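Beneath this line is the structure, given in structure tokens, with notes to follow.
Nothing in this text is a laboratory measurement; each read-out follows from the coordinates by a stated rule. Just so it is clear, the model here is predicted, and its values are computed rather than measured. All Cβ positions, even for glycine, are placed from backbone atoms using ideal geometry, and neighbour counts span all protein chains on display.
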Amino acid sequence: MKSNENERIDFIEAKAFGCFGSISCFSRDSEYCQRCPAFEACEQKSYETLNAIKQVVNVNDLLKQHEKARMAQEAKRRALREEMNAAKSLSSGGIQPKKPTLVERATKVEKVFFEPTPEQQELIVKLPVKAQSFALTLVKSGLVTEIKDGLAKNENAMKGKTPAWLSLAVEKLLLGGYTRSELKKAFMEELNWKENTAQSHVSLAFVLLTCFGIAKEESSKLLISK
């Protein structure tokens, strides 16, 4: 089950520009990025992307930049919390409510991850930067196999799952496939996206679905691979 924070980020991503979470686009120093309402969520997503692909691509310099910015931001937040706590303590006569003791769960849910094969790693590093993160996530979560198996049974393994745009792209494959313009129209109408956002995700869908042989592009149309 996703945490509230992950659900929040998924919601923001669905509404954000196509550059959301892109490690090649995001910059804390960019005035354009700072004005974006998805700034904080985008920072977190791009940081997660860097961590996800660091075993395949050398991104240590970018990770250090993010970590330095993260530490500075956390220091500011910590100072602000201390000021607020001090003010609260003063206004309440110094009496602080007792914090409840958290009880450790007896059982923990372990996530299962599938490491990419050498062949899959070769495919991933050849993809555009933004697609690398999604491709690695699909492999590690086992969704590549699930989607393939589902299509073989005429089922959408992504139904009810996120991201919604990928679920929709798989669903449309079952209905006979689509051209780029047809998928863009579906994204705009069914996800209520702007044209630029829809277009960037069309490109991402075509790259991801063809990368692992889930689908094939024939005569400008994406079809299920048989």
Problem - Residue pairs meeting the criteria (Cβ under 6 Å; at least 6 apart or on separate chains; first closer than 15 Å to L222 by Cα, in region 146-173; second among the polar types (S, T, N, Q) and part of a loop (DSSP other than H, G, I, E, B)) - result: V170/N156; E171/N156
Practice task
Select from region 116-142 the residues that are buried (at least 19 other Cβ atoms within 10 Å of the Cβ) and β-branched (V, I, T) and write down the one among them that is farthest from E190 (Cα to Cα).
Solution key: I124
Practice task
Inspect all residues belonging to region 217-225 and state whether any of them is within 20 Å of the chain's Cα centre (by Cα) and more than 23 Å from V125 (Cα to Cα).
Solution key: no
Completion exercise
Cβ pairs under 8 Å, 6+ apart or interchain, first in region 203-226 and free of Cβ contacts under 8 Å to residues at least 12 places away in the same chain and of a type in the set (D, E, K, R), second part of a helix (DSSP H, G or I) and surrounded by fewer than 20 Cβ atoms within 10 Å (Cβ to Cβ), ordered by first then second residue, are K216/T210; E217/F206; E217/T210
